[in-house]
Every structure is written in structure tokens, then in C-alpha cells.
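The values are calculated or read from the model by the stated rules, or taken from the named source; none is laboratory data. Remember, predicted model here, so these are calculated numbers, not experimental data. These accessible areas exclude ligands, DNA and RNA; they are computed on the full protein's heavy atoms, side chains included. Shrake-Rupley method; radii C 1.70, N 1.55, O 1.52, S 1.80 Å.
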Amino acid sequence: MKRQAKTTPTPLRHSSRRVVLASAALISLGVLSGTLQAQAPAPAGAAQGLVPIPIQLPKPMFEGTPQNLSVPNLQKPLGRPRDPFLAPAGVTNVAKGKKVTSSDMEPVIGEIEQVTDVDKKGAEGSFVELGPGVQHVTIDLGATHEVYAVLFWHFHKTPRVYFDVVVQVADDAAFKKNVHTLFNNDHDNTSGLGAGKDMNYVETAEGKLVDAKGTRARYVRLYSRGNNANELNHYVEVEVFGRPAK
Ligand SMILES: [Ca+2]
Ligand SMILES: [Ca+2]
């Protein structure tokens, strides 16, 4: 009896240990494949006919991303280049050269057309400066598009955080019809567009990329409310990656 009692649980212990080891192996395989996927996402998306959108980044004006900015709810820098963003083949920057209107049509510096003029340089002369407080720019894509990503640079000459950034798309210029909010980091609803859960971020030459998930829209609007250096609002460029809706 004593021997049986002693030996019977032994195989159980072994087999449960094997299960634990097998699980650990599976978990590490999962982690490994996750890592591989992050480094080379094209093959994963290729099965669904997805390819990286053709992003061309401007020359960086500073190294790295400083973390000593005293801004609450600030997203940690990724510490490496952003992963390629996948969308259907043929998706391009459909905002290029498109008409832009703004809550401030008489900019302090520059012209409103600079928002979609393809110049993404961080230097003086390559950004438009809008007045203080809540301001927005609205891009008319000219027709309904499937929008996959909105990529924008407020300013990247020096590291800055722009406040209450909200990105919306709609069917009409007045933003009454079929309005979708794609990004909103106005957590306390200062701008009255609803409280958002997105984080503050530091502007860099990579720009801010917002996933638009193929939403159908004709108009794209971006709001901001000054930045950590001054009360003014700036835009270097806004790109909208999409294709005409069928
Ligand atoms: Ca520009
Ligand atoms: Ca706010």
C-alpha cells in the first residue's frame, strides 16, 4: 500500500511537468513568431492583399525623442522606427495638393495651402502657423474615399507636444453627416468634441499616424489647441492614405 501510494502520483507529476514544459515552449514560440511578425509584417498582410503604405519621411531635425517634457498622459517613445502600416495595394496619399480650409484662414506665418503641398521639411518656411486656442484644418478630398490612415506633422523642428489633437472624417464640409472620430487625446473635453482616450505624443519627423480603418469619407479635419511651447497651432503637412470609394 505504501509503495502504491508513493508510486501512483509519480507519473502524474511527470506528465504535468511535461505539460508545463510544453506550454512554456509554445509560449516562447508565440513570442518568437510575434517578434518576427513585428519585424516583417508584409508577409502576414500579403495573404490579405495588404502592402505597406508608401510613406516618405522628411529628414529628422533632432535625434531621438526627449522624455523630460512635463506633459501629462504622454506616450513613451517607441525607441525604434514605426512598423510599416498595411493597407490594400494602390492606396496613396490622396490629400496631395487638395483644397484646405481652416478656422484661421489668415495664418500668422505661411499659407494654408502648405498643409497639402508635399513639403514636409521641419525648417522655418515649411510650416503654417495658425492663431491661438482651438483651431482646425479641413481637407476636401474632392470625392468619397476609403481612408486607411491619416499621417500628419504639426511641427518637427524641435520636440513638441500639441494639445487636444482630434482627427475626424465626415461626408460634408460642415461635419454633420457621418462623422467619425479617428483620434482624440482631449481627455477632459476642453474642445467640446467629446472626451478622448488617446495619449499625448511628442512630434518627430515620423509624424503621427492614425489608423482610419478604411472609413468612407470626403472630408478630413484635424483640431489642436496650442502646444507645450506656445499657444499657437502649426502644420507642416497632412497626408491621407486612401483610394476612391467604389
Ligand atoms: Ca507642407
Ligand atoms: Ca484638453
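Report the accessible area of Met199, computed with a 1.4 Å probe over the heavy atoms of all protein chains in place, in Å² rounded to the nearest 10.
Its accessible surface works out to 80 Å², give or take rounding.
Scan around Arg216 for amide H atoms under 5 Å from its own, H built in the peptide plane at 1.01 Å from N, and keep only partners 5 or more places away or cross-chain.
Sorted by chain and number, the residues that satisfy this are Val147.
Pairs of lysine in the range 60-180 with Cα under 18 Å and at least 8 positions apart or on different chains: total?
Taking the Cα cut-off of 18 Å, the pair count is 6.
Rounded to the nearest whole Å², what accessible area per residue is found for the range 107-244 with the 1.4 Å probe?
Accessible area per residue: 36 Å².
Rounded to a whole number, what % of the accessible area of the range 138-182 do carbon and sulfur atoms account for, probe 1.4 Å?
With neighbouring chains kept in place, the figure for the range 138-182 is 49 percent.
Could you give the length gained by full extension between Phe62 and Lys177, i.e. 0.36 nm per residue of separation minus their alpha carbon distance, to one decimal place?
Using 0.36 nm per residue and subtracting the Cα-Cα distance, I get 37.3 nm.
When 1/r is averaged over all different Cα pairs and the result inverted, which Kirkwood radius in Å belongs to the range 111-246?
14.9
In whole Hz, what ³J(HN,Hα) sequence does the range 151-168 give by Karplus (6.51, -1.76, 1.60; θ = phi - 60°), x for Gly and Pro?
Listing the rounded values in order: 10, 9, 10, 6, 5, 9, 6, 9, x, 9, 10, 8, 9, 6, 7, 10, 10, 10 Hz.
Residue-wise, which Karplus ³J(HN,Hα) couplings in Hz belong to the range 177-188, taking 6.51 cos²θ - 1.76 cosθ + 1.60, θ = phi - 60°, and x for glycine or proline?
9, 6, 7, 10, 8, 8, 7, 7, 10, 7, 5, 10
If the cut-off is 18 Å between C-alpha atoms, which lysines fall inside it for Lys246, apart from same-chain ones fewer than 8 positions away?
Within reach: Lys213.
Taking a 1.4 Å probe, which of Leu78, Leu69, Leu222 shows the most accessible area, and what order do the others take after it?
Leu78, Leu69, Leu222
Express the Stokes-Einstein translational diffusion coefficient of the range 116-173 in µm² s⁻¹, to the nearest whole number, given a Kirkwood radius over alpha-carbon pairs, 20 °C and a viscosity of 1.002 mPa s.
Answer from the Stokes-Einstein relation: 155 µm²/s.
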